[in-house]
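The structure under discussion appears below in the form of structure tokens.
What follows draws every value from the coordinates through simple rules; no lab data is involved. Treat the numbers as computed from the prediction; the structure is a model and nothing was measured. Reconstructed Cβ throughout: ideal geometry from the backbone, glycine too, with neighbour counts over all protein chains shown.
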Amino acid sequence: MFFGYNVAHYADFYDIRNLLVLGRVMSGPGGDLILSTASQVLKAEFPELAERIRFHIPDEKEKRHGQAVAAASLPSIRR
């Protein structure tokens, strides 16, 4: 429930259309519950946002590519 209200609050400051949802907690049944509850909150309390905002969860391939990009962009440390 709180995630839906947080998304609505952030929408006061940002023009959110697509929201990439990351984190290990989002990759199981708990993530499905979080997103369905957030969608219900948006539909009930903020219908204009519910129509505009789309949640996206990357699949395993996209996660691996994202991790590789992040690792490649790390600065080197000289000793």
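The criterion of at least 3 residues that are small (Gly, Ala, Ser) and closer than 18 Å to Met1 by Cα is met, among helices (runs of 4 or more DSSP H) falling completely within region 13-79, by 29-45. For beta carbons closer than 9 Å, sequence separation of 6+ or different chains, a first residue in region 49-75 that is closer than 16 Å to Val25 by Cα and a second that is among the small types (Gly, Ala, Ser), the qualifying pairs are Phe55/Ala38; Phe55/Ser39; Ile57/Ser27; Ile57/Gly31; Pro58/Gly66; Glu60/Ser27; Lys63/Ser27. When restricted to residues that are within 19 Å of Glu60 (Cβ to Cβ) and free of Cβ contacts under 8 Å to residues at least 24 places away in the same chain, region 14-34 contains 7.
Annotation: of all residues in region 1-47 being among the acidic types (Asp, Glu) and loosely packed, with under 10 Cβ neighbours inside 10 Å, the one that is nearest to the chain's Cα centre (by Cα) is Asp15.
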